[in-house]
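The values are calculated or read from the model by the stated rules, or taken from the named source; none is laboratory data. Just so you know, these numbers come straight off a predicted model, no measurement behind them. Here the Cβ positions follow ideal geometry from the backbone for every residue, glycine too, while neighbour counts run over all protein chains shown. Side chains are part of the model used for accessible areas, which takes the heavy atoms of the whole protein and leaves out ligands, DNA and RNA. Shrake-Rupley method; radii C 1.70, N 1.55, O 1.52, S 1.80 Å.
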Amino acid sequence: MSGETVPGLRREAIGLREVLFQSITAMAPAAAVAASIPSGAAFAGGSLPLSVLIALVACLFTASCVAELARQLPAAGSVATYAAQGLHPAVGFLVGWGYVFVEALVPPLLLLQLGFTTAGTLHQEWSSYPDDLWWPWSLAGAAVIAVAGYFGVRASARFGTVLGVFEVLVFVVFAVWLIIKAGGDNTLSVFGTSHTAEGHDGISGVFAGSVYTVLAFAGFEAAAPLAEETKDPRRTMHRAVLGAALSIGLVYVLTTYAMAVFYGPDRFAGFGAPGAASWEGVARASFGLFWVLVFLAVINSTIANANACANVSTRTAFALGRIRVFPQLFARLHPKHRSPVTGVAVQCGVALAAMLGLGFSYDPVTAFLLLATVIVTVVTGVYIVVNLACAGYFLRRRRDLFQPVRHLVFPLLGIVAFVPALLTAAGLPVFDFVSELTAPVSYAGPIVGVWMTAGVVVLLVLLRRHPGRIAETARVHLDETSPTDLRQSGAVQS
């Protein structure tokens with residue numbers, strides 16, 4: 001079997017540490033703490049730590065479902081394979097079609113944030129630096145991600161691990177520092193409903209805050225597409241998905257509590273605005289040069305997240321190319337690094353086109369919001385389908401392993417948690433705290449609609465001409481060829 005034609009990724013290339021940080025960096029903890037979670041303060045106010053705690057519990061239901069499926073179905077197709085096995089191969093194809101699309105959009109989203117955050121901070125420090133000169137930083141980030149992806153999963157996963165450790169460590173240390181500085185102002189009342197924002201009193205404000213906070217957990221499943229490259233994938237995937245969701249969720253609770261008690265629970269509703277009412281602003285005002293570490297952690301988080309999601313998109317595209325529901329070119333691997341080189345090249349091209357095209361057509365912040373809305377809308381929909389697939393898989397295929405709480409109650413609770421988040425992301429004013437989206441961010445819905453409609457057309461064509469290919473979305477390739485067999489055939493190079 002020649003190095004250019006072998007369909008397999010590099011087996012047993014990485015372990016628990018790398019795949020754990022694959023999910024952790026995909027959650028972008030530093031960026032979430034600094035930018036995403038504070039959006040819930042407008043509703044929950046100083047009770048935001050309670051909102052984060054509720055969101056953590058809610059997300060663990062879905063994380064449990066993903067972990068259960070990842071243990072039974074270790075496949076690069078991940079969520080597409082889960083949906084195909086638990087519901088129907090046609091559903092699996094559509095999930096894969098949507099998932100690879102939005103995961104390919106995450107790197108340009110983060111590269112835009114890298115660009116405008118760096119440019120804005122440099123302009124604040126040195127007014128001679130133009131605050132709109134964002135694109136060189138974005139291009140530099142794109143080059144780093146492309147190189148890491150080209151050199152294979154070992155390089156990209158270990159790179160992500162280093163970045164992930166740094167960003168988490170900076171914010172945990174800063175949070176402990178804030179708690180110490182808060183002194184007698186430390187209070188457990190922030191885990192109650194007494195500090196919610198005006199107009200959002202009591203549990204309604206906490207609920208609204210939690211809906212916005214749920215979106216900060218997106219990415220916990222990102223370890224799953226690396227299953228075919230991981231040692232002991234059934235055990236490792238299960239631990240990585242649950243471990244990432246739980247550990248980073250606790251980091252979110254700790255950091256939100258720390259800032260709430262330091263900044264003041266009763267004025268926390270205004271936190272999250274640019275300037276003094278931000279993590280960097282607090283660091284600048286009270287902790288001297290420590291703000292530089294906070295800034296670097298956020299920048300680091302954008303690169304780490306882009307790297308993790310590039311791994312997800314390229315592996316999912318590889319899995320779909322391997323069964324020829326995507327062009328078979330996506331299944332082509334580098335003969336030495338075993339990286340999906342076509343996927344890496346296409347991912348880089350998509351990142352550059354979306355980042356520069358939207359960034360210059362509008363501005364980088366508006367482009368960021370548009371891409372974020374597209375991504376979160378599809379990802380939350382995928383989570384809902386995966387919850388259904390978990391129940392379907394264990395009820396239909398593995399009744400011998402079926403456990404009512406873990407495989408039925410948890411999926412239902414996961415759906416309940418993500419339906420409000422989906423409606424909020426899409427700007428559908430079902431709840432009074434949801435604002436309708438304005439142009440161009442409102443274009444996210446039509447963009448998603450066009451892409452998924454195209455997916456339905458492709459699905460119908462494949463069902464008519466090549467129905468066996470759609471059925472292949474349920475196939476778990478790892479079960480068919482052991483790492484030993486691959487080594488003996490010459491497929492895996494050390």
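Some observations on this one:
- The chain: calculated mean residue ellipticity at 222 nm from DSSP helix runs of at least 4, using -39500 (n - 2.57): -22000 deg cm²/dmol
- Accessible surface computed residue by residue for the stretch 356-425, with neighbouring protein chains in place and a 1.4 Å probe, gives 42 Å² per residue.
- The residues of the stretch 1-131 have, on average, 26 Å² of accessible surface per residue, using a 1.4 Å probe with all protein chains present.
- Using a Förster distance of 35 Å, the FRET efficiency for Arg267-Val419 (Cβ separation, nearest 0.05): 0.60
- Taking Lys and Arg as +1 and Asp and Glu as -1, the other residues whose beta-carbon sits under 10 Å from that of Phe116 total -3.
- Peptides ranked, highest mean first, by Cβ atoms within 10 Å: ranges 378-386, 312-320: 312-320, 378-386
- Along the chain, the exposed loop sites are GluC sites (Glu not before Pro) outside DSSP states H, G, I, E and B with at most 12 other Cβ atoms within 10 Å, and the longest stretch free of them is 199-435.
- Summed side-chain charge close to Pro467 - residues other than Pro467 whose Cβ falls under 15 Å, Lys, Arg +1, Asp, Glu -1: +4
- In this structure the stretch 273-313 gives 30 Å² per residue of accessible area when probed at 1.4 Å with all protein chains present.
- Cβ-Cβ FRET estimate between Leu395 and Arg158, R0 fixed at 41 Å, reported to 0.05: 0.55
- Protection proxy ranking for 105-116, 147-158, 264-275, using the average of other Cβ atoms within 10 Å per residue and placing the highest first: 105-116, 147-158, 264-275.
- Identified option (computed semi-axes √(5λ) of the Cα gyration tensor in Å; candidates (1) 36, 25, 22; (2) 44, 23, 19; (3) 62, 20, 18): (1)
- Spatial offset of the stretch 433-463 relative to the stretch 157-228 amounts to 30 Å, using the alpha carbon center of each.
- Carbon and sulfur %, accessible surface of the chain computed with the full protein complex present, 1.4 Å: 65 percent
- The stretch 1-125 has equivalent-ellipsoid semi-axes of 33, 23, 15 Å, by the square roots of 5 times the alpha carbon gyration tensor eigenvalues, sorted largest first.
- Inter-centroid distance (Cα atoms) of the stretch 240-272 relative to the stretch 5-55, Å: 13 Å
- A straight chain from Arg464 to Arg235 at 0.36 nm per residue would run longer than the Cα-Cα distance by 78.6 nm.
- Here the stretch 68-166 is described by how far its Cα atoms reach on the three principal axes: 58, 27, 23 Å, from widest to narrowest.
- Placing a pseudo-label 7 Å from each Cα along the Cα-to-Cβ vector at Trp177 and Leu133 gives an inter-label distance of 2.9 nm.
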